Amino acid sequence: MPAAAQPPTQTAPAGSGYHEQARNGRQKTPQRIGEFTLVLVGNLLGPLLVIAFGALAWYLLGQDFAPGDGERILGDPLADEALGLVSIAVGIPVVLLAVRWCGSRPAGTVASVTGRLRWGWLARCSAVAFPLIVLQMGALALWGYLADGEESLAGDFPGWSQFVLGLVVLWALIPFQAAAEEFVFRGWLTQFFGGFLRSPWPGIVLASALFAVAHGFGEPSGFALLFYSAMWWGWLTVRTGGLEAAVAVHVANNVTAYGITVALGQLAESGNAADAPWQALVLELVAAPAYSLLIAKLATTHGVHRLSTTPPEDRATPAAPPR
(Lines give C-alpha, C1' and ligand atoms only; values in the text may rest on other atoms or scores of the structure.)
Protein backbone atom coordinates (compact mmCIF):
# COMPACT_ATOMS: atom_id res chain seq x y z
CA MET A 1 0.00 0.00 0.00
CA PRO A 2 1.58 3.34 -1.04
CA ALA A 3 2.53 5.75 1.71
CA ALA A 4 0.23 8.71 2.24
CA ALA A 5 1.45 11.88 0.58
CA GLN A 6 2.80 14.51 2.94
CA PRO A 7 0.77 17.72 3.26
CA PRO A 8 2.35 20.70 1.48
CA THR A 9 2.99 22.50 4.77
CA GLN A 10 3.63 21.41 8.32
CA THR A 11 3.48 23.46 11.49
CA ALA A 12 5.85 23.22 14.43
CA PRO A 13 4.72 21.01 17.33
CA ALA A 14 2.20 22.45 19.76
CA GLY A 15 3.92 24.37 22.54
CA SER A 16 6.64 25.80 20.27
CA GLY A 17 7.77 29.37 20.86
CA TYR A 18 7.75 32.04 18.18
CA HIS A 19 11.41 31.55 17.36
CA GLU A 20 10.83 27.79 16.99
CA GLN A 21 8.18 27.97 14.26
CA ALA A 22 10.61 26.63 11.63
CA ARG A 23 11.01 23.38 13.63
CA ASN A 24 8.43 21.47 11.60
CA GLY A 25 10.54 18.45 10.65
CA ARG A 26 10.98 19.70 7.08
CA GLN A 27 14.00 21.93 7.73
CA LYS A 28 16.96 19.98 6.37
CA THR A 29 20.17 21.65 5.21
CA PRO A 30 19.14 22.04 1.53
CA GLN A 31 15.83 23.64 2.57
CA ARG A 32 17.58 26.04 4.93
CA ILE A 33 20.06 27.06 2.24
CA GLY A 34 17.27 27.57 -0.27
CA GLU A 35 15.22 29.63 2.16
CA PHE A 36 18.21 31.79 3.09
CA THR A 37 19.13 32.31 -0.55
CA LEU A 38 15.60 33.22 -1.58
CA VAL A 39 15.20 35.77 1.20
CA LEU A 40 18.64 37.28 0.57
CA VAL A 41 18.31 37.52 -3.20
CA GLY A 42 14.68 38.60 -3.03
CA ASN A 43 15.43 41.45 -0.65
CA LEU A 44 18.35 42.61 -2.77
CA LEU A 45 16.86 42.30 -6.25
CA GLY A 46 13.23 43.03 -5.34
CA PRO A 47 13.83 46.64 -4.28
CA LEU A 48 16.12 47.23 -7.25
CA LEU A 49 13.42 46.03 -9.65
CA VAL A 50 10.78 48.22 -8.00
CA ILE A 51 13.05 51.26 -8.21
CA ALA A 52 13.96 50.49 -11.82
CA PHE A 53 10.32 50.16 -12.92
CA GLY A 54 9.41 53.25 -10.91
CA ALA A 55 12.16 55.26 -12.55
CA LEU A 56 11.11 54.01 -15.98
CA ALA A 57 7.51 55.03 -15.36
CA TRP A 58 8.72 58.41 -14.11
CA TYR A 59 10.75 58.87 -17.30
CA LEU A 60 7.84 57.88 -19.53
CA LEU A 61 5.70 60.46 -17.74
CA GLY A 62 8.27 63.10 -18.68
CA GLN A 63 9.15 64.02 -15.10
CA ASP A 64 12.49 65.33 -13.89
CA PHE A 65 15.01 63.25 -12.00
CA ALA A 66 16.96 64.36 -8.95
CA PRO A 67 20.52 65.66 -9.41
CA GLY A 68 23.03 62.85 -9.66
CA ASP A 69 25.04 64.02 -6.65
CA GLY A 70 22.35 63.12 -4.09
CA GLU A 71 20.75 60.00 -2.65
CA ARG A 72 17.42 60.58 -4.38
CA ILE A 73 16.31 59.37 -7.80
CA LEU A 74 13.06 61.10 -8.62
CA GLY A 75 12.84 64.86 -8.80
CA ASP A 76 9.78 65.06 -6.59
CA PRO A 77 10.63 64.29 -2.92
CA LEU A 78 7.20 62.82 -2.16
CA ALA A 79 7.30 60.49 -5.16
CA ASP A 80 10.85 59.49 -4.29
CA GLU A 81 9.93 58.68 -0.69
CA ALA A 82 6.90 56.71 -1.86
CA LEU A 83 9.05 54.69 -4.27
CA GLY A 84 11.50 53.92 -1.49
CA LEU A 85 8.73 52.72 0.83
CA VAL A 86 7.26 50.46 -1.85
CA SER A 87 10.69 48.98 -2.60
CA ILE A 88 11.10 48.00 1.07
CA ALA A 89 7.58 46.55 1.25
CA VAL A 90 8.66 43.87 -1.23
CA GLY A 91 10.17 42.10 1.77
CA ILE A 92 6.75 40.87 2.90
CA PRO A 93 5.96 38.61 -0.09
CA VAL A 94 9.60 37.53 -0.31
CA VAL A 95 9.60 36.21 3.26
CA LEU A 96 6.15 34.63 3.00
CA LEU A 97 7.05 32.80 -0.21
CA ALA A 98 10.39 31.64 1.18
CA VAL A 99 8.95 30.01 4.28
CA ARG A 100 6.09 28.49 2.26
CA TRP A 101 8.20 27.12 -0.61
CA CYS A 102 11.44 26.21 1.12
CA GLY A 103 10.38 25.97 4.75
CA SER A 104 7.22 23.98 3.92
CA ARG A 105 5.31 25.73 6.67
CA PRO A 106 2.32 28.07 6.61
CA ALA A 107 3.42 31.57 5.69
CA GLY A 108 1.36 32.99 8.53
CA THR A 109 3.67 31.43 11.10
CA VAL A 110 6.02 34.35 10.48
CA ALA A 111 3.31 36.67 11.77
CA SER A 112 2.54 34.79 14.98
CA VAL A 113 2.35 31.40 16.67
CA THR A 114 -1.33 31.24 15.70
CA GLY A 115 -0.42 31.23 12.00
CA ARG A 116 -1.92 34.63 11.28
CA LEU A 117 -1.71 38.31 12.14
CA ARG A 118 -3.80 38.89 15.26
CA TRP A 119 -5.63 42.08 14.31
CA GLY A 120 -7.28 42.67 17.65
CA TRP A 121 -3.96 42.39 19.45
CA LEU A 122 -2.34 44.65 16.85
CA ALA A 123 -5.01 47.28 17.57
CA ARG A 124 -4.33 47.09 21.32
CA CYS A 125 -0.59 47.45 20.75
CA SER A 126 -1.20 50.43 18.45
CA ALA A 127 -3.35 52.11 21.10
CA VAL A 128 -0.29 52.04 23.37
CA ALA A 129 2.38 52.73 20.75
CA PHE A 130 0.95 55.86 19.12
CA PRO A 131 0.50 58.00 22.27
CA LEU A 132 3.90 56.88 23.56
CA ILE A 133 5.68 57.78 20.32
CA VAL A 134 3.92 61.16 20.10
CA LEU A 135 4.97 61.87 23.69
CA GLN A 136 8.53 60.76 22.98
CA MET A 137 8.90 62.90 19.86
CA GLY A 138 7.23 65.81 21.60
CA ALA A 139 9.79 65.54 24.39
CA LEU A 140 12.58 65.46 21.82
CA ALA A 141 11.21 68.58 20.10
CA LEU A 142 10.92 70.36 23.46
CA TRP A 143 14.48 69.36 24.36
CA GLY A 144 15.73 70.76 21.06
CA TYR A 145 13.73 73.96 21.53
CA LEU A 146 15.11 74.54 25.03
CA ALA A 147 18.66 73.90 23.80
CA ASP A 148 18.65 75.68 20.43
CA GLY A 149 15.57 77.88 20.43
CA GLU A 150 13.37 78.28 17.38
CA GLU A 151 16.14 77.10 15.07
CA SER A 152 15.39 73.52 16.13
CA LEU A 153 11.89 73.85 14.66
CA ALA A 154 12.89 75.67 11.49
CA GLY A 155 10.89 74.75 8.44
CA ASP A 156 8.34 76.00 5.93
CA PHE A 157 4.80 74.66 5.94
CA PRO A 158 4.21 73.42 2.37
CA GLY A 159 0.56 74.46 2.23
CA TRP A 160 -2.52 72.44 3.07
CA SER A 161 -2.84 70.67 -0.25
CA GLN A 162 0.75 69.43 -0.24
CA PHE A 163 0.57 68.63 3.45
CA VAL A 164 -2.56 66.50 3.12
CA LEU A 165 -1.30 64.81 -0.05
CA GLY A 166 1.98 63.96 1.65
CA LEU A 167 0.24 62.46 4.67
CA VAL A 168 -2.20 60.43 2.57
CA VAL A 169 0.50 58.96 0.33
CA LEU A 170 3.08 58.25 3.02
CA TRP A 171 0.69 57.06 5.72
CA ALA A 172 -0.85 54.62 3.24
CA LEU A 173 2.55 53.06 2.49
CA ILE A 174 4.29 53.20 5.86
CA PRO A 175 2.43 50.21 7.40
CA PHE A 176 3.67 47.97 4.58
CA GLN A 177 7.24 49.28 4.78
CA ALA A 178 7.41 48.96 8.57
CA ALA A 179 5.78 45.53 8.53
CA ALA A 180 8.24 44.35 5.86
CA GLU A 181 11.21 45.27 8.03
CA GLU A 182 9.63 43.45 10.96
CA PHE A 183 8.88 40.36 8.85
CA VAL A 184 12.49 40.23 7.72
CA PHE A 185 14.38 41.12 10.91
CA ARG A 186 12.21 40.35 13.96
CA GLY A 187 10.39 37.61 12.08
CA TRP A 188 12.25 35.54 9.55
CA LEU A 189 15.79 35.99 10.88
CA THR A 190 14.78 35.11 14.43
CA GLN A 191 12.91 32.02 13.23
CA PHE A 192 15.65 30.99 10.81
CA PHE A 193 18.22 30.74 13.61
CA GLY A 194 15.59 29.34 15.94
CA GLY A 195 15.24 26.47 13.50
CA PHE A 196 18.49 24.95 14.74
CA LEU A 197 19.35 26.93 17.90
CA ARG A 198 17.38 26.52 21.10
CA SER A 199 17.89 30.05 22.38
CA PRO A 200 16.23 32.94 20.53
CA TRP A 201 19.00 35.35 21.48
CA PRO A 202 21.56 34.64 18.74
CA GLY A 203 18.89 35.39 16.15
CA ILE A 204 17.66 38.47 18.02
CA VAL A 205 21.15 39.92 18.43
CA LEU A 206 22.18 39.33 14.81
CA ALA A 207 18.85 40.60 13.50
CA SER A 208 19.17 43.74 15.63
CA ALA A 209 22.68 44.43 14.34
CA LEU A 210 21.63 43.91 10.72
CA PHE A 211 18.55 46.08 11.28
CA ALA A 212 20.80 48.93 12.40
CA VAL A 213 23.23 48.37 9.51
CA ALA A 214 20.37 48.33 6.99
CA HIS A 215 19.52 51.92 7.91
CA GLY A 216 23.01 53.08 6.97
CA PHE A 217 25.85 54.54 8.99
CA GLY A 218 24.99 57.99 10.23
CA GLU A 219 25.63 59.10 13.79
CA PRO A 220 26.92 56.62 16.39
CA SER A 221 23.96 57.60 18.54
CA GLY A 222 21.61 56.67 15.71
CA PHE A 223 23.18 53.25 15.26
CA ALA A 224 23.01 52.61 19.01
CA LEU A 225 19.36 53.70 19.09
CA LEU A 226 18.40 51.32 16.29
CA PHE A 227 20.25 48.37 17.81
CA TYR A 228 18.89 49.02 21.30
CA SER A 229 15.29 49.39 20.09
CA ALA A 230 15.57 46.29 17.93
CA MET A 231 16.80 44.21 20.87
CA TRP A 232 13.74 45.16 22.91
CA TRP A 233 11.41 44.53 19.96
CA GLY A 234 13.03 41.15 19.37
CA TRP A 235 12.48 40.14 22.99
CA LEU A 236 8.91 41.42 22.84
CA THR A 237 8.19 39.43 19.67
CA VAL A 238 9.22 36.18 21.33
CA ARG A 239 7.49 37.15 24.58
CA THR A 240 4.15 37.83 22.89
CA GLY A 241 4.41 35.11 20.25
CA GLY A 242 4.13 37.40 17.24
CA LEU A 243 5.16 40.52 15.36
CA GLU A 244 2.13 42.67 16.20
CA ALA A 245 3.74 44.67 19.01
CA ALA A 246 6.88 45.41 16.98
CA VAL A 247 4.87 46.34 13.88
CA ALA A 248 2.66 48.68 15.93
CA VAL A 249 5.52 50.68 17.46
CA HIS A 250 7.45 50.72 14.17
CA VAL A 251 4.44 52.07 12.27
CA ALA A 252 3.70 54.60 15.01
CA ASN A 253 7.29 55.86 14.95
CA ASN A 254 7.44 56.25 11.17
CA VAL A 255 3.96 57.76 10.83
CA THR A 256 4.76 60.38 13.46
CA ALA A 257 8.24 61.14 12.11
CA TYR A 258 7.03 61.52 8.53
CA GLY A 259 4.11 63.65 9.70
CA ILE A 260 6.50 66.10 11.35
CA THR A 261 8.81 66.08 8.34
CA VAL A 262 5.98 66.84 5.91
CA ALA A 263 4.59 69.58 8.16
CA LEU A 264 7.99 71.30 8.27
CA GLY A 265 8.46 70.99 4.51
CA GLN A 266 11.66 69.00 4.99
CA LEU A 267 10.82 65.91 2.98
CA ALA A 268 13.63 66.60 0.52
CA GLU A 269 16.18 66.61 3.35
CA SER A 270 14.69 63.81 5.45
CA GLY A 271 17.06 61.19 6.79
CA ASN A 272 16.30 58.20 8.99
CA ALA A 273 16.90 56.97 12.50
CA ALA A 274 20.58 56.35 11.71
CA ASP A 275 21.02 60.13 11.91
CA ALA A 276 19.31 60.43 15.31
CA PRO A 277 21.08 62.71 17.83
CA TRP A 278 22.19 61.59 21.26
CA GLN A 279 19.12 63.19 22.84
CA ALA A 280 16.91 60.76 20.91
CA LEU A 281 19.00 57.87 22.21
CA VAL A 282 18.58 59.05 25.79
CA LEU A 283 14.81 59.17 25.42
CA GLU A 284 14.78 55.77 23.73
CA LEU A 285 16.64 54.25 26.69
CA VAL A 286 13.44 54.85 28.66
CA ALA A 287 10.75 54.58 25.97
CA ALA A 288 11.74 51.19 24.50
CA PRO A 289 11.64 49.24 27.79
CA ALA A 290 8.56 51.15 28.95
CA TYR A 291 6.63 50.12 25.84
CA SER A 292 7.94 46.56 25.81
CA LEU A 293 7.25 45.83 29.47
CA LEU A 294 3.79 47.40 29.31
CA ILE A 295 2.87 45.37 26.22
CA ALA A 296 4.21 42.20 27.85
CA LYS A 297 1.98 42.88 30.85
CA LEU A 298 -1.02 43.48 28.61
CA ALA A 299 -0.29 40.24 26.74
CA THR A 300 -0.48 38.34 30.00
CA THR A 301 -3.67 40.14 31.02
CA HIS A 302 -5.42 39.44 27.72
CA GLY A 303 -4.17 35.86 27.43
CA VAL A 304 -2.21 36.41 24.22
CA HIS A 305 -0.67 33.15 23.03
CA ARG A 306 3.11 33.06 23.24
CA LEU A 307 3.31 29.37 22.29
CA SER A 308 1.72 27.61 19.35
CA THR A 309 -1.27 25.33 19.69
CA THR A 310 -2.27 22.43 17.46
CA PRO A 311 -4.10 23.90 14.44
CA PRO A 312 -7.55 22.44 13.74
CA GLU A 313 -6.46 20.84 10.46
CA ASP A 314 -3.73 18.86 12.26
CA ARG A 315 -6.00 17.44 14.94
CA ALA A 316 -7.06 13.84 14.59
CA THR A 317 -10.65 13.41 13.51
CA PRO A 318 -12.51 11.03 15.85
CA ALA A 319 -13.53 7.82 14.14
CA ALA A 320 -17.22 7.31 13.52
CA PRO A 321 -18.82 4.91 16.00
CA PRO A 322 -19.63 1.46 14.67
CA ARG A 323 -23.16 0.81 13.52
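The values are calculated or read from the model by the stated rules, or taken from the named source; none is laboratory data. All values derive from a computational prediction rather than experimental measurement. Note that each Cβ is placed from the backbone with ideal geometry, even for glycine, and that neighbours are counted across all protein chains shown. For the accessible areas, the whole protein counts, side chains as well, though only heavy atoms, and no ligand, DNA or RNA atoms are used. Shrake-Rupley method; radii C 1.70, N 1.55, O 1.52, S 1.80 Å.
For Phe65, the residues 5 or more places off, or on other chains, whose built amide H falls under 5 Å of its own are Gly75. Taking the centroid of alpha carbons for each part, the range 129-193 and the range 216-246 are 15 Å apart.
Against the main long axis of the alpha-carbon atoms of the chain, helix 160-182 sits at an angle near 30°. Once the gyration tensor of the Cα atoms in the range 178-228 is diagonalised, the equivalent ellipsoid follows with semi-axes of 22, 12, 7 Å, ordered largest first.
In terms of overall dimensions, the chain has a Cα radius of gyration and Dmax of 21.8, 87 angstrom. FRET efficiency for the pair Val282 and Arg116, taken as 1/(1 + (r/R0)^6) with r the Cβ-Cβ distance and R0 = 56 Å, rounds to 0.90.
Build a GNM of the chain with springs between Cα atoms under 10 Å apart, and of Val86, Val41, Val113 the one that fluctuates most is Val41. Modelled label positions at Leu40 and Leu135, each set 7 Å beyond Cα in the direction of Cβ, lie 4.3 nm from each other. Springs join every pair of Cα atoms under 10 Å in this Gaussian network model of the chain, and among Leu40, Leu236, Leu225 the largest mean-square fluctuation is at Leu40. Comparing Ala139, Ala147, Ala55 in a Gaussian network model of the chain where C-alpha atoms under 10 Å apart are linked, the largest mean-square fluctuation is found at Ala147. In degrees, nearest 10, range 0 to 90: what is the angle between the Cα axis of helix 77-89 and the longest Cα principal axis of the chain? In the chain, helix 77-89 runs at an angle near 10 degrees to the longest axis. Subtracting the Cα-Cα distance of Leu167 and Gln10 from their residue separation scaled by 0.36 nm leaves 52.4 nm. Entry note, the range 127-273: relative contact order of 36 percent, from Cα contacts under 8 Å with a spacing of 6+ residues.
Return the carbon/sulfur percentage of the accessible area of the range 242-309, one whole number, probe 1.4 Å, all protein chains in place. For the range 242-309, the apolar C and S fraction of the accessible surface comes to 65 percent. Entry comment: accessible area of the chain is 52 Å² per residue, from protein heavy atoms only and a probe of 1.4 Å. Basic side chains Lys and Arg get +1 at the Cβ, acidic Asp and Glu get -1 at the Cβ, and with that the dipole of the range 1-120 about its Cα centre reaches some 1020 debye.
In units of the rule-of-thumb radius 2.2 N^0.38 Å, the range 148-287 shows an alpha carbon radius of gyration of 1.15. Note: relative contact order over the range 96-209, using C-alpha pairs below 8 Å and six or more positions apart, is 16 percent.
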